[in-house]
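Structure, as structure tokens:
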Amino acid sequence: MKWLRKKQTGQLDTTQLPRHIAIIMDGNGRWAKSRGLPRKAGHAAGAENFRTVATYCKEIGIEYLTVYAFSTENWKRPADEVQELMGLLERYLREAIGQMERDRVRMKFFGDTSVLSAGLQQLITETEEISRRFEGVQVNICLNYGGRDDILQAAVAYAKDYAADKAPILTEARFADYLYSAGVPDPDLVIRPSGEYRLSNFLLWQLAYSEFYFTDTLWPNFGPRELDRAIAAFQQRDRRYGGVSK
Ligand code: IPE
Ligand code: IPE
Ligand code: MG
């Protein structure tokens with residue numbers, strides 16, 4: 001009853017927040033199209049919304065936010081769109097570095113960043129380095145990320161350690177230490193906006209027991225109120241992990 005009252009007033013129950021939220025930031029192109037704008041305007045609006053949502057997560061006390069920004073499959077897009085996305089990212093990181101002392105957000109990157117431009121790689125290293133000392137919220141940006149690639153690169157890294165006689169006996173937890181997300185707890189809640197019902201190669205290992213939330217809202221329109229709704233839905237779920245209800 002207490003919870004229902006809170007829901008009706010549009011408030012968020014902050015006593016049972018997901019520790020880790022993962023978001024597939026999808027629908028930028030359709031957002032732009034619906035306004036008669038070029039796709040790049042959608043990506044700019046999506047980037048702006050990412051800022052808003054990340055700030056909101058920090059405000060309400062979410063510990064980890066992981067966002068899908070560019071997949072291993074997104075290279076299939078026209079070259080000018082890929083360039084636009086990389087340019088936006090570069091701009092975003094420059095600004096983020098400039099405001100880091102104020103924002104105090106720890107940032108990490110998941111994915112194979114070695115194929116990105118030297119400039120971007122430098123910005124990524126700098127961002128991770130400067131923000132290492134910040135605590136409160138950790139934002140993980142998945143960039144040239146694929147869930148299958150993640151598992152594969154982990155297997156390769158493990159094999160190397162094995163060959164060098166440095167490998168631990170493999171358990172699920174130890175294997176997870178080789179993933180891009182090493183040290184980060186699995187997402188509690190994964191959100192996919194834009195009306196698509198698929199994972200598109202996002203965090204395949206890590207989402208094994210996450211709660212899924214789908215909505216037709218396009219990413220540039222998925223603001224704090226929408227996130228509240230997703231969290232409220234999450235708070236109604238019965239997470240049994242294969243067991244029985246408490
Ligand atoms: C998400 O928006 C951005 C990236 C995948 C980089 P889309 O560009 O996929 O938008 P839609 O799906 O075409 O609307
Ligand atoms: C998933 O969106 C990747 C990102 C949001 C970065 P896509 O738009 O690439 O996914 P599909 O093509 O609809 O599966
Ligand atoms: Mg899409």
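Taking the range 111-128 and a reference point 7 angstrom along Cα→Cβ of residue 101, no backbone N atom is nearer than 15 Å. Remark: the chain carries a charge dipole of roughly 860 debye about the Cα centre, counting +1 on each Lys and Arg Cβ and -1 on each Asp and Glu Cβ.
Sorting 156, 139, 244 by accessible area puts them as 244, 156, 139; the probe is 1.4 Å, largest comes first, and only protein heavy atoms count. Placing dummy labels 7 Å off each Cα toward the beta-carbon, the span from residue 157 to residue 212 is 2.7 nm.
Residues 188, 80, 165 ordered from highest to lowest accessible area at a 1.4 Å probe: 165, 80, 188. In the chain, the portion of solvent-accessible area held by carbon and sulfur atoms comes to 51 percent [1.4 Å probe, whole percent, DNA, RNA and ligands not counted].
Count Lys and Arg as plus one, Asp and Glu as minus one, and take only other residues whose Cβ is under 9 Å from that of residue 135; the net charge is then +3. Computed over all pairs of different Cα atoms, the Kirkwood value for the hydrodynamic radius of the range 5-85 is 14.8 Å. Gaussian network model of the chain, Cα springs within a sub-10 Å range: biggest mean-square fluctuation belongs to which of 98, 223, 119? Among 98, 223, 119, the largest mean-square fluctuation in the Gaussian network model of the chain belongs to 119. Each pair of Cα atoms in the range 38-121 enters the Kirkwood radius, and Stokes-Einstein at 25 °C and 0.890 mPa s then converts it into a translational diffusion coefficient of 173 µm²/s. Given a 10 angstrom Cα cut-off, can you work out which residue in 63, 129, 211 is the most mobile in a GNM of the chain? Judging by the Gaussian network model, the answer is 129. Distance from the alpha carbon centroid of the range 99-129 to that of the range 222-246 works out to 31 angstrom.
Short-range pairs are left out: with C-alpha atoms under 8 Å and at least six residues apart, the relative contact order of the chain is 28 percent. Taking a ≥ b ≥ c as the square roots of the Cα gyration tensor eigenvalues, with a/c under 1.5 meaning rounded and otherwise prolate when a/b beats b/c, else oblate, which class fits the range 184-246? Oblate is the answer for the range 184-246, as a/c is 1.5 or above yet b/c matches or exceeds a/b. Here the gap between residue 233 and residue 11, fully extended at 0.36 nm per residue and compared with their Cα-Cα distance, gives a gain of 78.6 nm. Working note: Karplus 6.51/-1.76/1.60 with θ = phi - 60° gives the range 77-94 the couplings 6, x, 3, 5, 6, 4, 4, 4, 5, 5, x, 4, 5, 4, 4, 4, 5, 4 Hz, where Gly and Pro are set to x. Against the empirical 2.2 N^0.38 Å (N residues), the range 132-225 has a Cα radius of gyration ratio of 1.30. Convex hull volume per residue, computed on the Cα atoms of the range 108-160, equals 101 Å³. Between 161, 26, 112, the Gaussian network model of the chain with springs among Cα atoms under 10 angstrom shows the greatest mean-square fluctuation at 161.
Rolling a 1.4 angstrom probe over the protein heavy atoms with all chains in place gives the chain an accessible area of 54 Å² per residue.
Taking every alpha-carbon pair in the chain and binning the separations at 10 Å intervals from zero gives 7, 29, 37, 21, 7, 1 percent.
The values are calculated or read from the model by the stated rules, or taken from the named source; none is laboratory data. Quick caveat, the model's predicted, so the values are computed rather than measured. Ideal geometry is used to build each Cβ from the backbone, glycine not excepted, and the neighbour counts take in all protein chains shown. Heads up: the accessible areas ignore ligands, DNA and RNA and are worked out on the full protein's heavy atoms, side chains in. Shrake-Rupley method; radii C 1.70, N 1.55, O 1.52, S 1.80 Å.
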